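A.B. asks: First the structure, which I've put down as structure tokens, then a few questions once you've had a look.
The values are calculated or read from the model by the stated rules, or taken from the named source; none is laboratory data. Everything quoted here is computed from the prediction, not taken from an experiment. A quick note on method: Cβ atoms are made from the backbone with ideal geometry, for glycine too, and the neighbour counts reach across all protein chains shown. All accessible areas refer to the heavy atoms of the entire protein, side chains included, with ligands and DNA or RNA removed. Shrake-Rupley method; radii C 1.70, N 1.55, O 1.52, S 1.80 Å.
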Amino acid sequence: DTEVTQTPKHLVMGMTNKKSLKCEQHMGHRAMYWYKQKAKKPPELMFVYSYEKLSINESVPSRFSPECPNSSLLNLHLHALQPEDSALYLCASSPFGTVNTEAFFGQGTRLTVV
Amino acid sequence: GENVEQHPSTLSVQEGDSAVIKCTYSDSASNYFPWYKQELGKRPQLIIDIRSNVGEKKDQRIAVTLNKTAKHFSLHITETQPEDSAVYFCAARGTGNQFYFGTGTSLTVIP
């Protein structure tokens, strides 16, 4: 299995809602990432988990709360989002450490905040 | 953190011509440089990569070169085809296992 699977594919939420994005991989990768991508822009790093521990938080607002419950799963909990948070949210994974291989991306969750 | 710059932002070429995209990075500790292709509405997908101990790598019509001293790397696509039309991103992998992306190049191959 060489896939990173994200659910849901699309999500519309109000500014007072709480929702979660889910990401799963079974490649044994111990680094997992959340990226945010706006239209016509590059993926922007949000969080990095290494061995299920948060290792990098790129100064992301607290309305985004990541969670890594085990080595295969990564969640992104959303609360009190703003319309400007509407974007494609990409999960990725890669092997950890000195092995230089790429990040494998999921197909993304297209989030619309209304 | 790492800062990756990418040029040009848009590129139009005639089918069969070559396309070149250039990137620079700031962190000399970065050690791995993948290139991703992203078609509209789809995920980024790796097309080629290069490690910091290699100067050049080729895969059929695609090649990447790396100049570690100057901290820049380039993507070369030869004999371009309409299906090469997409957005291309360079990236650099930092010591914290993170990937930082360049600003992207929208490539259009004109039949």
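A.B. asks: Add +1 for every Lys or Arg and -1 for every Asp or Glu among the other residues with Cβ under 15 Å from the Cβ of B:Pro82, and state the total.
C.D. replies: Local net charge: -4.
A.B. asks: In whole angstrom, how far apart do the alpha carbon centroids of the stretch B:39-70 and the stretch A:1-23 sit?
C.D. replies: 30
A.B. asks: To continue, here is another question. Which GluC sites (Glu not before Pro) from the stretch A:1-85 combine a DSSP loop assignment with at most 16 other Cβ atoms within 10 Å? Don't jump to the answer; show the numbers that get you there.
C.D. replies: Values: sites: A:Glu3, A:Glu24, A:Glu44, A:Glu52, A:Glu58, A:Glu67, A:Glu84; in loops: A:Glu3, A:Glu52, A:Glu58.
Hits after loop and neighbour filter: A:Glu3, A:Glu52, A:Glu58.
A.B. asks: Taking 4 °C and 1.567 mPa s as the conditions, I'd like the Stokes-Einstein D for the stretch A:1-59 in µm²/s, using the Kirkwood hydrodynamic radius from alpha carbon pairs.
C.D. replies: On the way: Rh = 13.4 Å.
Calculated translational D: 96 µm²/s.
A.B. asks: Here's a follow-up. I'd like the accessible area for B:Asp59, computed on protein heavy atoms only with a 1.4 Å probe and all protein chains in place. Round to 10 Å², please.
C.D. replies: 80
A.B. asks: Compute the accessible area per residue over the protein assembly as shown, keeping the other protein chains in place, probe 1.4 Å, unit Å². Walk me through the numbers on the way to the answer.
C.D. replies: Values: 10790 Å² over 225 residues.
Per-residue value: 48 Å².
A.B. asks: Of B:Leu46, B:Leu75, B:Leu66, which has the largest mean-square fluctuation in a 10 Å C-alpha GNM of chain B?
C.D. replies: B:Leu46
A.B. asks: Can you give the charge dipole size of the stretch A:1-95 about its Cα centre, rounded to the nearest 20 debye, using +1 on the beta carbon of Lys and Arg and -1 on the beta carbon of Asp and Glu? Display every interim value, and only then the final one.
C.D. replies: Numbers: 11 positive and 9 negative charges, 52 e Å.
Computed charge dipole of the stretch A:1-95: roughly 260 debye.
A.B. asks: A further question on this structure: Could you please state how large a percent of the accessible area of chain B is carbon and sulfur, counting protein chains only and using a 1.4 Å probe?
C.D. replies: Numbers: 2450 of 5310 Å².
Exposed carbon and sulfur together represent 46 percent of the surface.
A.B. asks: Using the Cβ atoms and a cut-off under 14 Å, what net charge is assigned to the surroundings of B:Ile50, where Lys and Arg are +1 and Asp and Glu are -1?
C.D. replies: Here the count lands on +3.
A.B. asks: Right, next: Loop only per DSSP, at most 15 neighbouring Cβ atoms within 10 Å: give me the chymotrypsin sites (Phe, Trp or Tyr not before Pro) in the stretch A:1-52, ordered by residue number.
C.D. replies: Working: sites: A:Tyr33, A:Trp34, A:Tyr35, A:Phe47, A:Tyr49, A:Tyr51; in loops: A:Tyr51.
Answer by residue number: A:Tyr51.
A.B. asks: Lone cysteines in the protein assembly as shown, going by a 4.7 Å Cβ-Cβ cut-off?
C.D. replies: Singleton cysteines: A:Cys68.
A.B. asks: Compute the Cα gyration tensor for chain B, then decide on rounded, prolate or oblate, letting a ≥ b ≥ c be the square roots of its eigenvalues: rounded whenever a/c is under 1.5, prolate when a/b is larger than b/c in the other cases, and oblate in all that remain. Intermediate results must be reported in sequence, preceding the final value.
C.D. replies: Values: a/c = 2.02, a/b = 1.61, b/c = 1.25.
Prolate, since a/c reaches 1.5 and a/b exceeds b/c.
A.B. asks: In addition: Give me the net charge for the shell around A:Leu81: Cβ to Cβ below 11 angstrom, other residues only, Lys and Arg +1, Asp and Glu -1. Can you show the working numbers first?
C.D. replies: Values: positive: A:Lys18, A:Lys19, A:Arg63; negative: A:Glu84, A:Asp85.
Charge balance in the 11 Å sphere: +1.
A.B. asks: To the nearest 100 Å², how much accessible surface do chains A and B cover up together, summed over both, with a 1.4 Å probe?
C.D. replies: Details: alone 6380 and 6230 Å², together 10790 Å².
Buried: approximately 1800 Å² between B and A.
A.B. asks: Got a number for carbon plus sulfur as a percent of chain A's accessible area, 1.4 Å probe?
C.D. replies: Numbers: 2880 of 5480 Å².
On chain A, the fraction of accessible area on carbon and sulfur atoms equals 53 percent.
A.B. asks: Looking at the P(r) of the protein assembly as shown, how many percent of alpha-carbon pairs lie beyond 20 Å? Please list the in-between numbers first.
C.D. replies: Details: 14812 of 25200 pairs.
More than 20 Å apart: 59 percent of the Cα pairs in the protein assembly as shown.
A.B. asks: Reachable aspartates and glutamates from B:Lys57, Cα under 16 Å, same-chain residues fewer than 8 places away excluded?
C.D. replies: Result set, ordered by chain and number: A:Glu102, B:Asp49.
A.B. asks: I've got another one for you. Mean-square fluctuation check for chain A, GNM, Cα pairs under 10 Å: which of A:Ser55, A:Ser86, A:Ser71 is largest?
C.D. replies: Per the Cα network of chain A with a 10 Å cutoff, A:Ser55 tops the list.
A.B. asks: Within 10 Å of each Cβ in B:65-77, how many Cβ atoms from other chains are there, averaged over the peptide?
C.D. replies: Details: counts 0, 0, 0, 0, 0, 0, 0, 0, 0, 0, 0, 0, 0.
Taking the mean over all residues of the peptide, I get 0.
A.B. asks: Contact order normalised by length for chain A, with contacts defined as Cα pairs under 8 Å and 6 or more residues apart; what percent is it? Can you show the working numbers first?
C.D. replies: Values: 285 pairs, mean separation 41.8, N = 114.
Rounded, it is 37 percent for chain A.
A.B. asks: Give me the residues in the stretch B:18-43 whose solvent-accessible area, probe 1.4 Å, is reduced by at least 50 Å² once all protein chains are included instead of the chain isolated.
C.D. replies: B:Arg43
A.B. asks: Still on this structure: The stretch A:10-81: which trypsin sites (Lys or Arg not before Pro) are DSSP loop and have at most 14 other beta-carbon atoms within 10 angstrom?
C.D. replies: A:Lys38, A:Lys40, A:Arg63
A.B. asks: Under 20 Å from the Cα of A:Lys19, which aspartates and glutamates turn up, not counting those fewer than eight places away in the same chain?
C.D. replies: Of all the aspartates and glutamates, those that pass the test against A:Lys19 - Cα under 20 Å, at least 8 places apart if same chain - are A:Glu67, A:Glu84, A:Asp85.
A.B. asks: Sort largest first and round to whole Å: the equivalent ellipsoid semi-axes of chain A, each the square root of five times a Cα gyration tensor eigenvalue. Don't skip to the answer; put the middle values down first.
C.D. replies: Numbers: eigenvalues 108, 38, 34 Å².
Largest first, chain A gives 23, 14, 13 Å.
A.B. asks: Only Lys, Arg, Asp and Glu count, each charged at its Cβ (+1, +1, -1, -1), so figure out the dipole size of chain B about its Cα centre, rounded to 20 debye.
C.D. replies: Numbers: 11 positive and 12 negative charges, 74 e Å.
Around 360 debye, computed over chain B.
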